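I have placed the structure first, in the form of structure tokens, so that the comments after it can refer back to it.
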Amino acid sequence: MEYIILIISAILVNNIVFAQTLGICPFLGVSSKISSSVGMGAAVVFVITLATLVTFLLNQYVLVPLELGFLQTIVYILVIAALVQMVEIILKKVSPSLYSALGIFLPLITTNCAVLGVALLVIQKQFNLLQSVVYGFSTAVGFGLALVIMAGIREQLELQSVPKGMKGSPITLVTAGILALAFMGFANLV
Amino acid sequence: MSAKINQWKNFSKGLIKENPALVLMLGMCPTLAVTSSAFNGLGMGLATTFVLVLSNMLISAIKTQVPDKVRIPCFIVVIAAFVTVVDLLIKGFLPALGESLGVFIPLIVVNCIVLGRAEAFASKNGVFSSLLDGLGMGLGFTLALTVLGIIREALGAGAFFGNKFIDGDGIIVFILAPGAFIVLGFLVALVRNLSKKN
């Protein structure tokens, strides 16, 4: 039960994009088509889950025992960059079809602040290993969900006549704001 | 004389014309997340400026020593080091600010503005030009964040830098995430239309 609440709250109530405003750059950048947003979402789920697992273990068994907590930021970003590179290489060998489907989205993930954000948040929230991985996974699913919903709306928006001054990023931001407002409706779910 | 004008341009372009948050749309996460009050916006902006100036200078100074293929990881390590410095300084001297900015201070590492300027400017220009570029971009970012913070705080809490000017609560949604998106959307539209007219 505890884990179901954790999953629901990470996906809907505390959605990483709409409630915590993390990962906005890829959210705005890759949400213009549904197909590419699904690819990006899948790549992010993969990397965040893996990155949370690795950084958690690293923090628990290396940084804390050696009292190197102040190196957290540097170590984490290096781990994430290396991890993304490694995932890219492995995928290329093991599953070329998935690799070509994810394509350019993989390298972009290094600078997705949701990845580093989740890795830092699970330490702050003092989760255990399983909780951290579940939280990382469901947060990433929430990110993918936000991306796909937004892409669906933006595909429709292209056909509408938007006031000239609001075209492009302003209307996208306002749309995201209204979506965030809708997501606030989930607030009392858990 | 023209050299002086060029240096001035390096500095001033970040303020309005190429404002990182409002025109280039970079560094969106902290822009939206920490601007629930004017003071937080200002603090975040200045912390980013600090990192931006120092990382720009150091990267410009070591640019000939760094092999081209591993330059991005090298830049990230330099940036992460300065972010750690800022993190520790804020936690030590301004614990209240550190509390409200929270996880967003370490997240300066992945702020696209910092890496963007390192790659686009500091890796090609001299130390002094890079300093000015970093300072201009940083102050432009600070300006955007502070303005956004002032608007959201005024609408959402009825206050200006923490001094309340109405009784009771404001329109609370403006200090929450939806208000951030909506106010930023209108601010971007405003800046874009004003700069078009000039």
Please give the number of the condition B:Gly43 fails out of (1) assigned to a helix (DSSP H, G or I); (2) open to solvent by 30 Å² or more (accessible area, probe 1.4 Å); (3) touching a residue at least 12 places away in the same chain (Cβ under 8 Å).
(2)
Meets criteria (at pLDDT below 90 and over 20 Å from the mean Cα position of the chain (by Cα)) for B:Val103:
no
Condition first: away from chain B (no Cβ under 14 Å), hydrophobic (A, V, I, L, M, F, W, C) and under 21 Å from A:Gly29 (Cβ atoms). Now tell me which residues in the stretch A:109-148 satisfy that.
A:Ala140, A:Val141, A:Leu145, A:Leu147, A:Val148
Any hit, the stretch A:51-60, residues being in contact (Cβ under 8 Å) with a residue 12 or more places away in the chain, open to solvent by 20 Å² or more (accessible area, probe 1.4 Å) and either closer than 23 Å to A:Val17 by Cβ or among the hydroxyl-bearing types (Ser, Thr, Tyr) (or both)
yes
A:Glu2 being free of Cβ contacts under 8 Å to residues at least 12 places away in the same chain and either open to solvent by less than 30 Å² (accessible area, probe 1.4 Å) or on the phi > 0 side of the Ramachandran plot (or both):
no
Scan of the stretch B:1-23 for residues that are among the aliphatic types (A, V, I, L, M), out of contact with any helix residue (DSSP H, G or I) (no Cβ under 6 Å at 6 or more places or on another chain) and either in contact (Cβ under 8 Å) with a residue 24 or more places away in the chain or surrounded by 16 or more Cβ atoms within 10 Å (Cβ to Cβ) (or both), ordered by number
B:Ile16, B:Val23
Show me the helices (runs of 4 or more DSSP H) entirely contained within the stretch A:66-169 in which 3 or more residues are without any contact (Cβ under 8 Å) to a residue 60 or more places away in the chain.
A:72-94, A:96-102, A:113-124, A:129-157
For residues in the stretch B:142-175 being in contact (Cβ under 8 Å) with a residue 24 or more places away in the chain and not in a helix (DSSP H, G or I), which is least open to solvent (accessible area, probe 1.4 Å)?
B:Ala159
Considering the stretch A:11-40, residues that are away from chain B (no Cβ under 14 Å) and buried (at least 24 other Cβ atoms within 10 Å of the Cβ), and then whichever is farthest from B:Val173 (Cα to Cα), we arrive at A:Met40
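Quick grid of which residues meet (1) at the interface with chain A (Cβ under 10 Å from one of its Cβ atoms); (2) over 30 Å from B:Phe161 (Cα atoms); (3) touching a strand residue (DSSP E or B) at 6+ places or on another chain (Cβ under 8 Å); (4) part of a helix (DSSP H, G or I):
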position: B:Leu32; (1), (2), (3), (4): yes, no, no, yes
position: B:Ser36; (1), (2), (3), (4): no, no, no, no
position: B:Thr49; (1), (2), (3), (4): no, no, no, yes
position: B:Leu52; (1), (2), (3), (4): no, no, no, yes
position: B:Arg71; (1), (2), (3), (4): no, yes, no, yes
position: B:Phe75; (1), (2), (3), (4): no, yes, no, yes
position: B:Ile90; (1), (2), (3), (4): no, no, no, yes
position: B:Ser100; (1), (2), (3), (4): no, no, no, yes
position: B:Phe121; (1), (2), (3), (4): no, yes, no, yes
Apart from one, (1) under 20 Å from the mean Cα position of the chain (by Cα); (2) within 22 Å of B:Ala33 (Cβ to Cβ); (3) polar (S, T, N, Q) all hold for A:Ser169; the odd one out is (1)
Scan the stretch A:121-132 and give yes if some residue there is touching a Ser or Thr at 6+ places or on another chain (Cβ under 7 Å) and either open to solvent by 10 Å² or more (accessible area, probe 1.4 Å) or farther than 21 Å from B:Ile108 by Cβ (or both), otherwise no.
yes
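The values are calculated or read from the model by the stated rules, or taken from the named source; none is laboratory data. Predicted, not measured: the structure shown is a model, and the values here were computed from it. Neighbour counts are summed over all protein chains in view; Cβ atoms, including those assigned to glycine, are modelled from backbone coordinates with ideal geometry. Quick note on the areas: whole protein, heavy atoms, side chains included, nothing else; ligands and nucleic acids left out. Shrake-Rupley method; radii C 1.70, N 1.55, O 1.52, S 1.80 Å.
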